1. State whether segment 91-150 is rounded, prolate or oblate according to the following rule on the C-alpha gyration tensor (a ≥ b ≥ c being the square roots of its eigenvalues): a/c under 1.5 gives rounded; otherwise a/b larger than b/c gives prolate, and the remaining case gives oblate.
2. If I model a spin label as a point 7 Å beyond the Cα along the Cα-Cβ vector, how far apart are those points for residue 325 and residue 81 in nm?
3. What three numbers, in Å, describe the spread of the alpha carbons of the chain along their principal axes, ordered from the longest?
4. May I ask you to compute the full-extension gain from residue 168 to residue 262, defined as 0.36 nm times their residue separation minus their alpha-carbon distance, rounded to one decimal in nm?
5. With a 10 Å radius around each residue's Cβ, average the other Cβ atoms per peptide and rank 162-173, 297-308, highest first.
6. Pairs to check: 264/311; 159/206; 206/281; 61/281; 6/311; 206/268. Give those whose C-alpha atoms are more than 29 Å from each other in this structure.
7. Taking every DSSP beta bridge with both residues inside segment 6-223, roughly what % is antiparallel (nearest 5)?
8. Using only Cα atoms, locate the centre of segment 50-115 and the centre of segment 271-286, then give the distance between them in Å, rounded to an integer.
Amino acid sequence: MSMQTKLWIPEDPSNPKDQSIQEASDLLKQHQVVAFPTETVYGLGADATSEAAVAGIFEAKGRPSDNPLIVHVSNRDQVDRLVERIPDVARTLMDAFWPGPLTLIMESNGSAASNVTAGLSTIGIRMPDHPLALALLEAAETPLAAPSANRSGRPSPTKAEHVRQDLDGRVAGILDGGTTGVGLESTVLDCTTEVPVILRPGGITKEQLEEVLPEVAVDPALAAEDDHKPKSPGMKYTHYAPESPLWLVEGDDEFFMEQLEQLKADGKRVGVIASGELAEKLDHQPVIRCGSRENLAEVAVQLYDALREFKRSEVDLILTESFEETGVGAAVMNRLRKASVRVLSSS
Ligand code: TXA
Ligand code: MG
């Protein structure tokens, strides 16, 4: 596959009539695949009602076909046209968190292309909180199926440059809207059960959901050591992998430093991804800082960029610390566990 990939920086990013957005939406109407920013990560969009268009997403990403896609909408009427019915909890959540990083799983009515849902009876839908994404959805006049715009298995893109690294020559175009605000994907919440279930932690935290819902469950498959089959099909694949193997350290700073010294003594070239607090204590290069431990939202924003930073030729492995699993820290640790091939634990 090779095509000329257009790169646009819209002059008027919230205006559906902007020339770049018009060009991008024309390509979408021709069933082409276009990358665009959302508030979480960049998405790779195609007309969610066209099987041929959606097939282009799977091909460009190299994505397994049994992994369903999230459908992005710019208004509630589009939701009505995609689902069997909107459960009351889903309505409450839309009022509270849309537009925003929350994907709601509902019963599909079959109007989306069949490859969007990968054979499931349910469909995941969200309204992104990004002016450019909303303008593109308006201009395209259709819901857009959009997974994260990375090659399958790679860290999700938080900058247009990351999309270019992975998909140049494989997609019709990339709309550049700068760095994304949240940095991690949306929370995926199953609303088809009596008690809604978090299938993937993300930008809307469990604590936030609990403010508007009486009860929220977490898919048992998300627990660190669990061999339940995850209910979200995408959660079983290798994900977010940097070029060199990632090792996750669970323990205090002393333990981290011991592990690092041991690996260096064994002759390993180690790259470190650490909070500013830990980086301060280390007498080691190369280190990539990914924000403060006291500000997990900042860590979330910087994480995927950090995972893309070390090149295979530079380091044998990457060592990273663990973060507290409160708030968006739950999503940060979910991604680090999935990205890592090994956990060094002090307990
Ligand atoms: O923030 C996001 O959600 C980004 C931006 C682009 O919107 N998109 C994204 O899409 O992360 P993707 O394809 O990388 O991840 C979608 C996740 C996968 O784990 C998939 O299995 C799950 O959502 N999913 C989609 N539809 C589902 C369904 N009907 N039932 C269960 N899980 C579903
Ligand atoms: Mg993804």
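1. Verdict is oblate for segment 91-150.
2. 4.1
3. Largest first, the chain extends 59, 49, 33 Å along its Cα principal axes.
4. Details: separation 94, 0.36 × 94 = 33.84 nm, distance 3.98 nm.
Contour length minus Cα-Cα distance gives 29.9 nm.
5. On the way: 162-173: 20.2, 297-308: 22.2.
Descending packing order for the listed peptides: 297-308, 162-173.
6. Beyond 29 Å: 206/281; 61/281; 206/268.
7. Looking only at bridges with both residues in segment 6-223, the antiparallel portion is about 55 percent.
8. About 40 Å separates the Cα centre of segment 50-115 from the one of segment 271-286.
A short reminder: the numbers here are calculations on the coordinates, not readings from a lab. All values derive from a computational prediction rather than experimental measurement. Every residue, glycine among them, receives a Cβ derived from its backbone with ideal geometry; neighbour counts consider all protein chains shown.
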